[in-house]
Structures are given as C-alpha cells and as structure tokens.
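Each remark here refers to the structure printed beneath this line.
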Amino acid sequence: MVEVGTLLNIFYHILIMDNKEFYEFKKQLKFLSKIRGRHTELVSVYIPAGYEISKVAAQIKDEQGTATNIKSKGTRKNVLSALERVMQHLRLYKNTPPNGLIIFSGNISEDEGNPKIELYTLNPPEPISVRIYRCDQQFVLDPLLEMIEDKRVFGLIIVERGEASIGLLRGKKVELLKHLTSRVPGKFRAGGQSSVRFARLREIAADDFKDTVGETANEIFLAQPNLEGILIGGGGYTKYEFEEGEYLHHELRKKILGVADTAYTELFGLNELVDKSAGILENLDITKEKDIVTKFLKELIKDDSLAAYGEKEVRKYLEAGAVDTLLLSEGLNKNRIKIKCGSCGNQTEKTETDEELFKLEQQISSIQCENCGNLSLNIEEKVDLLEELADLAQEGSTKVEVISTETEEGSQLLRAFGGIAAIVRYRL
Ligand SMILES: [Zn+2]
C-alpha cells in the first residue's frame, strides 16, 4: 500500500500537468486514500471493460450471502449495506464504460454507532486490466496509483563498435526496442588484403554502423512526443564518438543528458545504463526546480516586474486568473479554513498553521461571530493551503510548480517569500 505522504508527492508532481480530467482523477484518489474503515468493511470492485456486469452482480450476491456470517453485528450491517449499494449501482449499467468500471463503497463514518455508507465511482484515465473484489479496511487503490506514476520517457542507447541496443525508459520500466550488430570486419585480416587497406575498410564500416544506429534511434525517439532526454552507454570509445558526432537528429542531440560506461548490451545493458544514470535523472527535477525559482527571482528585480509573492497578493492574482506560473513550496505547512456562523450564516476564510488551527478548534465555541455576536461559529472546511491554491490555479489554467526545500533556491522561496510566489501575466 502506498503511503499517503508518497501519494501527496505524486499528486503534486502530476498537478503540473494541465489535463483537467486527470487532475480530477488524482484528487479523487487522494480523497479515497485517506478513508479508513473502522473494521474490514470497505468494498472495492474493479471491472475491466468488456467484462459481463451480470457475472459481477452474481459474485456480489454471493458475497452478500457470505457477509451474513460476519459475527460483529455492526460490521455485518455495514458490509451488507455497502454491497447493496454496489448492487444498485451495477444496475445502472448495461455494459462497462470504455476504461472499465470501478466502485468503492462502505462506511466512512468515524463515529462507531452512526454509520454513513457512501458509494464512489471513478473514471480512470487508462483502461483497467484487473478484476478485483475486496472487502478491507481501506479501498484498493494500487492499480490506480500506478496510472499516475512517473510516466516520463527517456531514450537509451548502448553503442559499441560492432553492436548497439536501443530502448526506452518509461517511468520505471526499461524496454529494449532494437538490437543491432554491424558487419564491421573482425580484427583478423582476410587473406590477400593489405593491412592498411583493411584497417581503412574497418573504419568505413564502423562509421556506417554509427550512421545506422543514429538512423534507427532517430526513428524510435522522434516518435516519442514526451521524450525528456537521452542516455548513452557503452564499454569503449564508440559511445563518445557517437555522442559528439552528428549521428542523432539535431533535436535529439540537444536532449543528450549524459554518457555512462556500461559492460553489457541488450536489455541487461539498458538496465545497467539506467542504474548508472540515476544521479543524472534525479538532478533533472532539481535543475528544473532551480530554474523556475531563478526565473521568478530574475523577474522580481525587473522594472516592470511580473513577479508576485505572499499569500495575499498571489491569491489576488489567482482569483483574477492572471497567474502564468504558481510556485508553491513543499514546506508550506498551512491550512485554509472556512468558518461559518450557525446563527446568521456569515462566512469567513483564513489561513492557519497546524498549531493555530488546533487552538482555534479548542476555542471556537467561545468565539463571537463578528457579524451577529453569537457563539455559534463552526469550522466548515479545512484543506491544505497548498492544495487549495493549486485548485484555484487550475481554474485559471495556471502552471503549478511545487518546489522542494532541498535546494538553496527552494529554501529561499520558503524563507523569504513565505513559500508562495507567482509569475503573473499582467499587473493588476
Ligand atoms: Zn453570526
């Protein structure tokens, strides 16, 4: 099971993408990941596209029978209610939706004697391939979490004098797509040829081979719209010749991230290349973060600066839909809360640290409403400030960048600018 903390990181990471549907999906996942059953009473049902709904309904019916044997009266009642909700929901479908059907149901109430049976369905961004029925203390989310994992693509080339392997790294998966061998003549000389002439022929053949490797790699890599970079490996000097020469398409040459020494070829060698380049791949994120903060700092000192910072100012720009890039520090540990008066309905919003929020929760019953003076204030909603601002950004099609505090630039963003900054489209 993925930790909620990890999930948050994945969530914020992918927030950077613009796709609204994808964003919604992740938001739902995050919400579901926080739900814990008091007992084993949360039902997860996954149905791949094309699977017969009636078969699933028959299985749920069986499970209803089994559930009648649950000893604890409360749990039994909750599981049966959850299964009944699932059955009702299944009746809405003749066929599974194109990406499959996912249903979660169960008691989400934290109050033992006061159950609240809810049902959630998700529309996954990719087709699901697993069929799952499970009743547990948590909803089964792993197959969906895989969908939002790192999906970056890197090109991989191992090039030796007589052999080359070309593949891709997608997320964490390494694929070998092409293995090439050259017809470079071996070191022993064919009878009757002078050694000088033979060496020359070997050179030409080796060069032809690098051309072939380049052409093959171009074909594969140029077809990848999201190719982030290229890693080159090999045991000998050929990899450097390949890196420096004009074998790859000029657009691809710009994407070369590094060259590593490797001992193997084919899939094993490609994996070795990825392992040896771990530092390079890690640095990519850090470099990107540094670049964004630096861009903001440069903007800040310009005469007609398009930089804004601090929660209040940035919020103003976000509400106007005028933010191009929003920078949020990962270290921003604050909450956005909505307070509502039960008497007059007056609503206020404020930002509080965890400690301030804790204090407020203790004291809220003794705080007067600033509108009517009654003691009936309630905390209606509390959300992570980072999340709330990112949500606001999504409405204005703003790019959201979550910046770690691991770099000097990143900690400066938190220290000097309160962890909230923006590059705006125009001044208000
Ligand atoms: Zn009031």
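The values are calculated or read from the model by the stated rules, or taken from the named source; none is laboratory data. Keep in mind that what you see is a predicted model, and the values were worked out from it rather than measured. Cβ sites come from the backbone with ideal geometry, for glycine too, and all protein chains shown count toward neighbours. All accessible areas refer to the heavy atoms of the entire protein, side chains included, with ligands and DNA or RNA removed. Shrake-Rupley method; radii C 1.70, N 1.55, O 1.52, S 1.80 Å.
Details
- Note on exposure: 33, 194 ranked by accessible area (1.4 Å probe, complete protein assembly) read 194, 33, with the most exposed listed first.
- Solvent-accessible surface of region 4-147, averaged per residue with a 1.4 angstrom probe and all protein chains in place: 52 square angstrom.
- Rolling a 1.4 angstrom probe over the protein heavy atoms with all chains in place gives region 153-276 an accessible area of 54 Å² per residue.
- For region 22-102, the Cβ-based charge dipole about the Cα centre amounts to some 400 debye (Lys, Arg positive; Asp, Glu negative; other atoms uncharged).
- Only protein heavy atoms count here; under a 1.4 Å probe, residue 249 has an accessible surface of about 60 Å².
- About the Cα centre, charge dipole magnitude for region 290-424 (Lys/Arg +1, Asp/Glu -1 at Cβ), debye: 260 debye
- Unmatched cysteines, the chain - criterion: no other Cβ of a Cys under 4.7 angstrom: 135
- Helical mean residue ellipticity (222 nm; -39500 (n - 2.57) per DSSP H run of 4+; nearest 500) of the chain: -13000 deg cm²/dmol
- When each of the peptides 254-263, 197-206, 338-347 is scored by how many other beta carbons lie within 10 Å of its residues on average, the order from highest to lowest is 254-263, 338-347, 197-206.
- By the rule of a C-alpha distance below 27 Å, with chain neighbours fewer than 8 residues away ignored, the lysines paired with residue 359 are 30, 34, 312, 334, 338, 340, 350, 382.
- Dipole magnitude for the chain: about 1100 debye, using +1 per Lys or Arg Cβ and -1 per Asp or Glu Cβ, origin at the Cα centre.
- For the chain, the relative contact order comes to 13 percent (Cα pairs under 8 Å, sequence separation of at least 6).
- Cα long-axis angle, helix 4-15 against the chain (0 to 90 degrees, to the nearest 10): 70 degrees
- Of all DSSP-defined beta bridges confined to the chain, some 75% are antiparallel rather than parallel.
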